[in-house]
Amino acid sequence: KPGSAPNGSELVFAPIAPVDAAVDEFTVPEGFTWHPVIRWGDPIFEDAPEFDWHAQSAEAQNLQFGYNNDYTEIQEIPGSGGRRAVMFVNHEYTNENIMVPPTMDAAEVVEVGMAAHGLTVVELERKNHNVPYEYVRGAELNRRILLSDTFELTGAAAGSDLVTTVEDPEGRYVLGTLGNCAGGLTPWGTVLSGEENFHSYFRAPGTSAQEKRYGLADKPTARGWENAHDRYDTRNAGYENEANRFGYIVEVDPWDPTSTPKKHTALGRFKHEGANVIIAEDGRVVAYSGDDERFDYLYKFVSTKKYVEGDRAHNMTLLEEGDLYVARFEGNSPSAEIDGSAALPADGAFDGTGQWLPLVLDGASQVPGFSVEEVLVHTRLAADAVGPTKMDRCEDVEPSLHSRRVYVACTNNSNRGVGSNAGPDEVNPRTQNRDGHVIEMDELGDQTTTSFAWNLLLVCGDPATDENTYFAGFPEDQVSPISCPDNLAFDSVGNLWISTDGQPSGIGFNDGLFRVTLDGDARGNVEQFLSVPRDGETCGPIIRDQDRTAFVAVQHPGEDGSWGAHTSYFPDYDGTGPKPSVIQVLPAKPGKGKGRGNGNG
Ligand code: FEO
Ligand code: CA
Ligand code: CA
Ligand code: CA
């Protein structure tokens with residue numbers, strides 16, 4: 001199949017065939033090659049030790065690239081001729097079973113694991129556009145943000161009684177960030193990162209309705225940090241609120257290594273997959289964010305203040321104050337036509353309209369019985385009270401800057417329609433949704449409005465084995481099979497890109513990165529661009545189509561293996577274990593794409 005170039009994209013490729021889940025290879029299209037930009041354990045600073053599989057320590061890890069890279073953002077450094085860039089990467093979690101020898105002292109395993117969490121900012125450099133980026137050890141902007149580093153709480157819940165601890169009696173400053181998953185670049189050049197599965201780091205009484213709703217329980221955590229550090233056990237006096245200080249959208253300024261990262265309570269507290277911002281027509285900014293839990297919700301934040309071009313200090317306060325909404329979807333087909341098989345209803349579309357239901361408006365709570373602080377800290381319970389739609393795990397929610405439409409990746413929901421759980425509806429039309437779907441939303445009015453239209457762009461799966469997949473009407477014998485959409489990105493000409501997490505256990509192929517045409521006759525065409533190695537997840541896609549290159553973070557390769565019995569040897573394939581890494585894919589031979597070889601990006 002020849003390469004296609006939807007919307008005139010410079011990134012022309014012939015889709016790869018899906019790769020069997022047992023294969024430990026990174027696969028790219030014909031004519032392309034791949035290169036690790038940075039790997040777990042790579043030294044970030046001049047005084048950082050080289051990585052040593054047999055001598056890893058917390059002291060070393062503090063100065064090295066962290067584990068399980070997820071969200072990744074690259075911004076070119078102005079004036080560098082496209083040769084230097086600053087990269088932000090978060091480190092969602094750790095896989096101690098394959099990271100360190102089983103002989104390592106248990107207390108040191110805890111400290112190494114903690115040091116491998118957090119965030120990294122690192123500079124990149126390339127000689128010209130035909131060669132891959134390398135990271136620059138010891139560069140000026142390089143930074144590790146660790147669990148011992150200070151974050152400032154902003155918004156109405158900052159300083160409230162719900163977030164105070166014995167170490168922070170004013171409730172203003174939190175040490176560290178946990179479970180960072182996806183994220184987004186703001187129009188003012190900072191990055192947002194979502195604190196997702198924070199609950200898994202805390203042991204708690206687990207008795208209150210709030211704790212139960214967030215999955216906080218009185219049981220030992222997988223990593224046992226609560227045995228080493230009091231604050232991870234909220235049964236301890238003085239730490240009752242520690243878990244209330246996680247679950248936010250974090251904002252980091254990668255351009256200032258001395259800046260204090262923020263946690264924005266105005267965007268609510270839940271298992272934020274990430275957040276993505278668009279400037280509304282009237283200058284306010286709108287952030288979309290999904291709560292990645294089965295049957296949880298989709299949210300939208302609208303800032304009080306307006307974006308001011310060029311006033312970076314002002315723009316960096318925009319996410320501190322605003323209105324918060326949660327989504328209710330209504331289908332336009334009779335519910336009898338939604339049978340849980342994902343077969344299309346009689347009108348030929350899963351579609352309808354919806355409402356953004358206010359939780360906070362003009363600084364006032366809209367939820368009876370909840371103060372503003374309570375809405376922002378116990379957001380799930382406040383949302384429960386207004387009747388939003390229970391979704392199939394919203395992952396990335398990303399507005400297109402081309403069309404202003406908003407795309408929502410619903411990754412899967414094995415419990416849809418099972419037992420007493422909610423059954424299928426038009427926006428989540430499949431019982432035991434194994435393969436997920438992608439929603440396209442169109443705000444009815446400007447971006448700050450409270451009503452929207454929606455349709456399902458994709459009902460995912462392998463059309464060869466599932467007759468009820470849907471690719472916006474595009475011929476299904478021509479698409480790449482795709483399952484469990486997770487992260488979203490756009491290229492410069494408005495095509496959607498999707499990375500996946502969970503294909504091996506569903507359609508039996510390794511996870512990958514896919515391009516989706518949104519406009520014209522080829523709308524709904526899904527083309528696979530790359531496939532990641534065994535047990536790996538494809539994260540943090542960045543598309544630089546004018547440079548004919550793309551980046552992904554390969555997360556948890558070989559996570560089902562063990563020390564001495566690895567299932568992946570990515571990316572070095574030298575007989576040692578796997579390393580989560582940021583990978584650049586680029587043409588194997590220099591080409592003449594726009595921006596390539598001319599040194600001006
Ligand atoms: Fe960490 Fe929702 O994926
Ligand atoms: Ca994710
Ligand atoms: Ca319909
Ligand atoms: Ca995921």
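Here are a few things to note about the model shown:
- Simple spin-label estimate for residue 572 and residue 477 in nanometres, 7 Å along Cα-Cβ: 4.8
- Mean Cβ count within 10 Å, highest first, over the residues of peptides 492-503, 345-356: 492-503, 345-356
- Anisotropy class of the chain from Cα gyration tensor, a/c 1.5 cut: rounded
- With an a/c value of 1.5 or above and a/b not larger than b/c for the gyration tensor axes a ≥ b ≥ c computed over the alpha-carbon atoms, segment 1-93 is described as oblate.
- Set of segment 173-200 residues, backbone N closer than 16 Å to the point 7 Å along the Cα-Cβ line of residue 106: none
- Simple Cβ-charge dipole of segment 107-211, Lys/Arg +1 and Asp/Glu -1, about Cα centre, in debye nearest 20: 420
- Subset of 271/579; 219/271; 219/390; 127/300 violating a 31 Å alpha-carbon distance limit: 127/300
- Student exercise, segment 37-143 dipole from Lys, Arg, Asp, Glu Cβ charges, in Debye to nearest 20: 540
- Legend: ranking of residues 391, 316 from fewest to most surrounding C-beta atoms inside 10 Å; resulting order 316, 391.
- Dipole of segment 460-601 computed with +1 at Lys/Arg Cβ and -1 at Asp/Glu Cβ about the Cα centre; of 577, 497, 549, farthest Cα towards the positive end is 549.
- Residues of segment 446-487 with amide N under 14 Å of the 7 Å Cα→Cβ point at residue 337: 456
- Residues residue 523 and residue 240, FRET efficiency given R0 of 45 Å [Cβ-Cβ distance, rounded to 0.05]: 0.30
- Extreme residue, positive dipole direction of segment 192-257, given options 248, 228, 207 (C-beta unit charges): 207
- Under-5 Å amide H pairs with residue 396, H placed in peptide plane, nonlocal only: 409, 488
- Shape call, segment 489-559: gyration tensor on alpha carbons, a/c limit 1.5: oblate
- The chain, relative contact order [Cα under 8 Å, separation at least 6], %: 16
- Fewest-first ranking of 418, 438, 554, 12, using other Cβ atoms within 10 Å as the exposure measure: 418, 12, 438, 554
- Projecting the Cα positions of 82, 272, 452 onto the charge dipole of the chain (unit charges on Cβ atoms of Lys, Arg, Asp and Glu, taken about the Cα centre) puts 82 furthest along the positive direction.
- Computed from the C-beta positions of residue 347 and residue 23, the FRET efficiency with R₀ = 60 Å rounds to 0.90.
- Nearest-20 debye value, the chain charge dipole, Cβ charges on Lys, Arg, Asp, Glu: 760
- The chain - mean residue ellipticity at 222 nm from DSSP helices (-39,500 (n - 2.57) per run, n ≥ 4, rounded to 500): -1500 deg cm²/dmol
- Considering only alpha-carbon pairs that sit under 8 angstrom and 6 or more positions apart, the relative contact order computed for segment 426-492 is 29 percent.
- Residue separation of residue 30 and residue 222 scaled by 0.36 nm, minus their Cα-Cα distance, works out to 64.9 nm of gained length.
- Our estimate of slack between residue 166 and residue 465, defined as 0.36 nm per intervening residue step minus the Cα-Cα distance, is 102.0 nm.
- Length released on extending from residue 402 to residue 4, taking residue separation times 0.36 nm less the Cα-Cα span: 141.3 nm
The numbers here are math on the coordinates, done by the rules we state, and not lab data. For clarity, every value in this text was computed on a predicted model and none was experimentally measured. Cβ coordinates were reconstructed from backbone atoms using ideal geometry, including for glycine residues, and neighbour counts include every protein chain displayed.
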